[in-house]
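Peer 1: Have a look at this one.
Where a number appears in this text, it was derived from the coordinates with a stated rule and is not lab data. As the structure is a computational prediction, the values presented were derived from the model and not from experiment. In this analysis, Cβ positions are derived from the backbone assuming ideal geometry, glycine residues included, and neighbour counts consider all displayed protein chains.
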Amino acid sequence: MKLYRLIASEEGPTKLFVGGLHGKEGLYTAPILERLANESVCTGKAIIVPSLVKQSKYVDVLSREYYQSKEGMKLVRLIQKYKPHFYFELHAYSEQSYSGLTDPERELRIGVPPFVDLGNGILLGSIAPMLRSKFSESDFCMTIEVPNWKSEDEEVKAEVLQILKLALSKTKCEEVMLELRMKYPVQIKKAEELFRQYYRNRLKPF
Ligand SMILES: [Zn+2]
């Protein structure tokens, strides 16, 4: 597993960016996270893992089984070791999964809110509730899903990188959210609404 450590001279929180959590999605997340690791906008300390696994059986990160798998345990160990305040999970999904991931009935169907399409098929949402419980209330945790059939699309890659760069460069989650709200007003409003409904105001987005 490749891991980059970025330490900025400017004080700031610890941030963990992880891609390729299962299956072969690392093929699509690694190129983006490799680029992120070469950015010079970091504040605080960042740990970047372009692909947690190269190729593995696909086990859903929403399932308990995932956190008992080799890759799931590796992920939890990374979180325990670095105790990040910002945590970004980068996944890649196939075209057939789009309707399931964005289904307005997703919470009724599988107990977690749907992702919101930022446009271009880039999806934004919360992380697995089981994993969220390993973080504190004030931590900032987000999932980004990259459309894998657009993996060669420079525009899509650049847009995902832009979102991750925001997180890399800011010291407060409010600053990241503010910029995201300006760029994607309707979508972020929806994502925040879904988050609040799900966590019933016990946590603030994200
Ligand atoms: Zn995934």
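Peer 1: I need the full set of residues from the stretch 45-67 which are more than 23 Å from L161 (Cα to Cα) and not in a loop (DSSP other than H, G, I, E, B), in order please.
Peer 2: Those that are more than 23 Å from L161 (Cα to Cα) and not in a loop (DSSP other than H, G, I, E, B): R64, E65, Y66, Y67.
Peer 1: Taking into account only those residues within the stretch 1-39 that are farther than 21 Å from V76 by Cβ and buried (at least 22 other Cβ atoms within 10 Å of the Cβ), which is nearest to the ligand (Cβ to nearest atom)?
Peer 2: Result: Y28.
Here is a yes/no grid of residues against (1) surrounded by fewer than 20 Cβ atoms within 10 Å (Cβ to Cβ); (2) in contact with a strand residue (DSSP E or B) (Cβ under 8 Å, 6 or more places away or on another chain); (3) within 21 Å of G23 (Cα to Cα):
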| position | (1), (2), (3) |
| --- | --- |
| F88 | no, yes, yes |
| I110 | yes, no, yes |
| S126 | no, yes, yes |
| M130 | yes, no, yes |
| F135 | yes, yes, no |
| I144 | no, yes, yes |
| S151 | yes, yes, yes |
| E155 | yes, no, no |
| E179 | yes, no, no |
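Peer 1: Ok, one more. Of E95, E71, E10, which residue is touching a helix residue (DSSP H, G or I) at 6+ places or on another chain (Cβ under 9 Å) and either in contact (Cβ under 8 Å) with a residue 24 or more places away in the chain or of a type in the set (G, A, S) (or both)?
Peer 2: From the options E95, E71, E10, the qualifying one is E95.
Peer 1: Would you pick out the residues in the stretch 77-90 that are in a helix (DSSP H, G or I) and more than 22 Å from Y28 (Cα to Cα)? I'd like the intermediate steps shown before the answer.
Peer 2: Keep residues of the stretch 77-90 that are in a helix (DSSP H, G or I), which gives 77-82.
Selection gives R77, I79, Q80, K81, Y82.
Peer 1: Within the stretch 102-124, identify whether any single residue is under 25 Å from L6 (Cβ atoms), touching a Leu at 6+ places or on another chain (Cβ under 9 Å), in contact (Cβ under 8 Å) with a residue 60 or more places away in the chain and part of a strand (DSSP E or B), and answer yes or no.
Peer 2: Yes, the stretch 102-124 contains at least one residue that is under 25 Å from L6 (Cβ atoms), touching a Leu at 6+ places or on another chain (Cβ under 9 Å), in contact (Cβ under 8 Å) with a residue 60 or more places away in the chain and part of a strand (DSSP E or B).
Peer 1: Still on this structure: Taking the condition of being surrounded by 14 or more Cβ atoms within 10 Å (Cβ to Cβ) and without any contact (Cβ under 8 Å) to a residue 60 or more places away in the chain, how many residues in the stretch 40-65 meet it?
Peer 2: Summing the residues that are surrounded by 14 or more Cβ atoms within 10 Å (Cβ to Cβ) and without any contact (Cβ under 8 Å) to a residue 60 or more places away in the chain in the stretch 40-65 gives 10.
Peer 1: Now for a separate question. How many residues, within the stretch 151-182, are in contact with a Pro (Cβ under 9 Å, 6 or more places away or on another chain), under 17 Å from L90 (Cβ atoms) and in a helix (DSSP H, G or I)?
Peer 2: The qualifying residues number 2.
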